[in-house]
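Every number here is computed from the coordinates shown, using simple stated rules; none is lab data. Since we're looking at a predicted model, the values are computed, not measured. As a convention, Cβ positions derive from the backbone with ideal geometry for all residues, glycine included, and neighbour counts pool all protein chains shown.
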Amino acid sequence: MSVQTGAYTAVPETRANLPPPEAPVLPVTHCNHGDERVDHYYWLQERDNPAVLAYLEAENRYTEAMLNHTEALQVTLYDEMKSRIKETDDSVPVAHGGYFYYYREEKGKQYRIYCRRKGSLDANEQILIDLNDEAEGRDYLRMGNFKVSPDHSLLAFALDTDGSETFTLQVKNLATGELLPDRIENTYYGLEWGNDNRTLYYTTLDPALRPYKLHRHRLGDDATEDEVVYHEEDERFFLRLYKAKSGRYIFCALGSAVTSEVFAIDADDSGAKPKLVQPRVQDMEYFVTHHCSRNREERFLVLTNWEAENFRVMAAPVDAPARENWQELIPHSAEVMLDRIEPFQDFLVVWERESGLTHIRIQDLRAGAFFAGQESSSHRIEQLEPVYTVSHGQNPEFTSQALRYRYSSLVSPQTVFDYDMRRRVRTLLKQDEVNDYDPAAFKTERIWAAAPDDVQVPVSLVFPAGLERDANNPCLLIGYGSYGISYDPYFSSNLVSLLQRGFVVAYAHIRGGGEMGRQWKDDGKYLKKKNTFTDFIACAETIIERGYTSPRCLMISGRSAGGLLMGAVTNMRPDLFAGVVAGVPFVDVVNTMLDASIPLTVIEWEEWGNPADPEYYHYMKSYSPYDNVEAKDYPAILATAGLNDPRVQYWEPAKWVAKLRACKTDDNPLLLKTEMGAGHFSKSGRYDYLEEVALEYAFILDTTDSVPFDDGSSGQ
């Protein structure tokens, strides 16, 4: 089956009487479990068909023409967002191995410059890699790996030049600045050095773009002859790589969506065989790292959900690490989810989640009582605001007494702290400078929405401090709700452009995410996935009922699995929203989950269910956005795609838009914008990315027809 080219002509640059592209209808009938589905736009999956590219380009021209009247607004928004950032800036240096590592950004340049100074911050700067040089002549650049050798003489790095998330690995001699001849294609995230400074461990991808092999490369050897240290044949499992902070072990972690298995590799032995920690057990997850005390007592530390829904922490002997030898160190709690552990020599940092917020607990290891199973000292770091986000920073030194972490809220720009775990003292290192911004001009709140089953769903809001509750207030409601990923309330200087125009911005912390513990995730997946959608609708209704906005002023936004959310709630309650921004949306759920050749499909069966099972098939079909498009009125919609996207294939939003265009009964804008040289994360340059945001914000403002709101912060 194919479609001939030449069906599309140039779109005029005026909005008046502009006909939208019409995708040819070529029905393909799928039959599963006795159920027939007719897919009129299946042909759009033919990536190499010139007619497909012509259609995508026609949609791009149509989107450009339909938003042409907002061009001045886009320029204004771009200039505003650009003006808020400090264009020439440095990151906080990280001390490691006698060097201070950092990156900097220069005005007018799209990408970061990675540097270091030896011995002190006053020493001469050495540029390790300037990504602006690497990006010259390219439309896209993303760095997937950046690892300096243990002796700090070599840099291994990996670059993606088209958005496909396949990386080319290279090695640079930091003394001479020259690239070594070692060059390895088709690598993925995950790269570690052996302690001999000449052995590299890296992962490669199978045809479905799944990291499935762990390789060992010795510098100077032919990469085609590299040893395969581990080969994962089960298509549900991804392979990832990380090194313990102690430097003693490299871990090869295999993970499906619900099951883990970890191998430990002696980093001191360049020929070491992987040692299994605990054989995989279906639905049992565990993460392993290594600890070595001052008196050189070694143990593995294990974070696991074994008989612990919200996870607990165990210790395992290095020589006999299987589950039967685990000793409980931190027990399970029904109220507190353990997200992450980070061991230092004298302290264990435990990242906890309670009531929708992340907390940092410091466990004192110095007296030895903790490992002896006795009561020992621990405390939480007190945070600055009632609703906030904290995340880990770079902490490469195992013996350090200081924990570096990042803090922000909906009104507080990102801040970097060092916390002295011994003295319990926090030191402010840096807060991002945001020009023409006054945090006192805005207010943040957390409210709770009642889901249809009476579960209370948290919603975080930010809005101008002087804003009255009014149905005329424009509002942007953002959501995700999948994979147990928490969508925490963080600061975005870009959103200030909406806030200063009188917007309420809200985040719906819906089920399927991880904000409220593991059960929160489990209650929004498999045959409970619709809770994610009804939670979001309940959040929207609550915001409206409390007078923050109204349906005619309410915009919604979500990306990837959040794009699935957008498609589903738009089908369910199109009357509730004025407009939708669906970024790289996962909307063709049934077709994708039936095709095991598509990247991510097999591992996703443990998130959405496998439609080979009729129960999952029919449930999935009942909410799949593409399958549930109907002849009715829909809100204004802007969908985005990336031609090289390996996570959500470009054809999902393309097919969805084509079907909506054929079925919907309204005159509201329906736009598709495809990045023809990028992938899941859109444009890679920091200025180019702002152009994307400006276009989306212009669509939002145009749809709500809002007027500028003076919050008083501009001084005018």
For an R0 of 56 angstrom, estimate the FRET efficiency from the Cβ-Cβ distance between Ile447 and Glu324 and round to the nearest 0.05. 0.75
Starting from the 7 Å offset along Cα-to-Cβ, what nm value, one decimal, do you get for the label separation of His40 and Val258? 3.7
Considering the chain, what Rg and Dmax in Å follow from its alpha-carbon atoms? 25.9, 79
For a test of the definition: using alpha carbon positions, the gyration tensor, and the 1.5 limit on a/c, classify the range 512-553 as rounded, prolate or oblate. prolate
Decide, for the range 15-96, between rounded, prolate and oblate: order the square roots of the alpha carbon gyration tensor eigenvalues as a ≥ b ≥ c, take rounded if a/c falls under 1.5, and otherwise choose prolate if a/b is larger than b/c, else oblate. oblate
Computed about the Cα centre, the charge dipole of the chain from +1 Lys/Arg and -1 Asp/Glu charges at the Cβ has a magnitude in debye, to the nearest 20, of 1340
How far is it, in nm, from the label point at Ala72 to the one at Arg546 when both lie 7 Å from their Cα along the line to the Cβ? 3.7
Summing -39500 (n - 2.57) over every DSSP H run of at least 4 in the chain, dividing by its residue total and rounding to the nearest 500, the 222 nm mean residue ellipticity is -5500 deg cm²/dmol
Going 7 Å from the Cα of His152 in the Cα-to-Cβ direction, what parts of the range 183-206 have a backbone nitrogen less than 19 Å from that spot? 193-198
Describe numerically, in nm with one decimal, the distance between label points set 7 Å from Cα along Cα→Cβ at Arg117 and at Ser355. 4.3
Taking 0.36 nm per residue of sequence separation and subtracting the Cα-Cα distance, how much length would be gained by fully extending the chain between Glu22 and Asp283, in nm to one decimal? 89.4 nm
Provide Rg over Rh for the range 442-704; use the alpha carbon set for both Rg and the Kirkwood Rh (inverse mean inverse pair distance). 0.94
Which parts of the range 227-251 would a label at Asp196 reach, counting a residue when its backbone N lies under 14 Å from a point 7 Å out along Cα-to-Cβ? 227
Could you let me know the centre-to-centre spacing of the range 567-604 and the range 158-188, using Cα atoms, in angstrom? 34
